[in-house]
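The values are calculated or read from the model by the stated rules, or taken from the named source; none is laboratory data. None of the values given here were measured: they were computed from a predicted structure. Reconstructed Cβ throughout: ideal geometry from the backbone, glycine too, with neighbour counts over all protein chains shown.
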Amino acid sequence: VSKRDGKMRCTWFKDEFDRSLEALRDLDNDLRAALLHEEFRVHYQPLVDSRTRHIVAVEALLRWQRPDGRDLGPDVFIPVAEESGLINAIGAWVLRRACTDALRWGIKLSVNISAAQLRNPEFPFQLGQILEETGFPPERLELEITETCLVLDPLVAERSLDLVRGLGVDVVLDDFGTGYASIGFLRQFRFEKLKLDRSLVVDSAVDESLRAMMLSSISMARALKMRVTAEGVETEDQAAMVRSAGCDHIQGWLFFAPMPAGEVAQHLTAEVPQGGTAKAEPGRKV
Ligand code: C2E
Ligand code: MG
Ligand code: MG
Ligand code: MG
């Protein structure tokens with residue numbers, strides 16, 4: 001490789017880098033506009049009791065309907081909003097929307113909270129205010145956090161979580177099985193619930209040693225008095241496996257895909273779903 005080649009490659013990388021920075025800035029501006037022009041929607045995915053298969057809760061999942069019709073998932077745009085701090089405004093919007101929608105359903109509501117929100121010292125007060133404004137009962141609300149929220153700044157996180165719990169709101173550890181959550185970690189934070197990540201559920205169905213780890217995680221969680229939800233269940237085999245492993249609740253396309261608020265009520269009174277074929281969320285690519 002000649003010197004000249006190296007230099008050209010550097011220039012190329014720099015151009016690429018500038019372009020992606022620019023793309024991120026554009027995306028952040030679009031997100032700002034989206035909040036202003038009400039392009040966000042909240043969809044709800046029911047969680048069922050692993051035994052009775054009755055709906056016990058819903059998880060609020062943010063959707064963005066862009067005017068140009070191009071679809072972007074929250075796993076793409078939330079990190080951008082986190083980077084710029086816009087997540088605080090978006091997160092408050094989601095909480096207010098979800099508490100308003102779920103008020104009449106009479107079941108538990110789970111809302112995802114990102115690390116940047118938890119680090120914001122205003123957050124617990126904002127939450128208290130939203131609960132008061134909407135009249136949503138705190139004991140029916142749970143916040144889903146991931147371990148990155150906690151490892152970055154454990155002291156701040158612990159203080160925020162104490163305040164959140166003081167309001168009567170439960171805390172759930174999301175995406176368990178994808179990171180480093182240890183026994184010490186689970187002891188320190190005392191989550192009310194644990195959510196097994198979809199990758200753990202899917203891979204445990206085919207990998208025996210992973211299944212052994214999943215089983216011991218579940219028994220540890222239960223010994224610590226935590227409830228356990230399995231996420232991303234798409235087949236009856238997976239449902240049977242997580243049920244016999246001791247999961248309390250199941251969430252996944254086998255039962256329900258995320259749906260608009262207007263469709264939730266009909267499922268609360270309908271017959272218990274028999275599973276059948278997993279259905280992805282309409283209008284979203286997977
Ligand atoms: P998550 O909290 O782990 O949510 C579960 C994800 O799995 C959702 O993806 C859901 O649509 C998807 N899912 C559910 N059942 C199945 C299944 O059976 N099969 C498959 N393949 N997928 C299934 P989604 O809606 O794209 O959300 C992705 C992530 O974005 C969420 O992961 C969460 O971390 C984040 N997120 C979503 N809404 C919000 C929000 O309002 N605030 C924050 N901070 N994060 C959010
Ligand atoms: Mg979640
Ligand atoms: Mg999850
Ligand atoms: Mg997950």
For PRO121, work out the one condition from (1) in a helix (DSSP H, G or I); (2) more than 13 Å from ligand 1 (Cβ to nearest atom); (3) modelled with pLDDT under 95; (4) over 19 Å from GLY179 (Cα atoms) it doesn't fulfil.
(1)
Given the criteria over 17 Å from LEU109 (Cβ atoms) and in a helix (DSSP H, G or I), does LEU161 qualify?
yes
For the list (1) away from ligand 1 (no atom under 13 Å from the Cβ); (2) touching a residue at least 24 places away in the same chain (Cβ under 8 Å); (3) closer than 25 Å to PHE191 by Cβ; (4) part of a helix (DSSP H, G or I), I need the number of the one condition that CYS99 fails.
(1)
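Table: residues versus (1) loosely packed, with under 13 Cβ neighbours inside 10 Å; (2) away from ligand 2 (no atom under 15 Å from the Cβ); (3) modelled with pLDDT of 95 or more.
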| position | (1), (2), (3) |
| --- | --- |
| ASN29 | yes, yes, no |
| LEU61 | no, no, yes |
| ARG97 | no, yes, yes |
| ALA115 | no, no, no |
Does any residue of the stretch 248-259 turn out to be within 16 Å of ligand 3 (Cβ to nearest atom), closer than 21 Å to GLU59 by Cα, assigned to a helix (DSSP H, G or I) and in contact (Cβ under 8 Å) with a residue 12 or more places away in the chain?
no
So in the stretch 64-83, with the set limited to residues that are within 12 Å of ligand 1 (Cβ to nearest atom), without any contact (Cβ under 8 Å) to a residue 60 or more places away in the chain and outside any helix (DSSP H, G or I), which one is farthest from GLU263 (Cα to Cα)?
LEU72
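Residue-wise test of (1) more than 15 Å from ligand 2 (Cβ to nearest atom); (2) crowded, with 18+ Cβ neighbours inside 10 Å.
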{"position": "VAL58", "(1), (2)": "no, yes"}
{"position": "GLN65", "(1), (2)": "yes, no"}
{"position": "ARG70", "(1), (2)": "yes, no"}
{"position": "ILE78", "(1), (2)": "no, yes"}
{"position": "ALA81", "(1), (2)": "yes, yes"}
{"position": "SER84", "(1), (2)": "yes, no"}
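For (1) out of contact with any Cys (no Cβ under 8 Å at 6 or more places or on another chain); (2) under 21 Å from HIS54 (Cα atoms); (3) surrounded by 16 or more Cβ atoms within 10 Å (Cβ to Cβ), each residue gets a yes or a no:
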residue: SER182; (1), (2), (3): yes, no, no
residue: ILE218; (1), (2), (3): no, no, yes
residue: ALA239; (1), (2), (3): yes, yes, yes
residue: ALA245; (1), (2), (3): yes, yes, yes
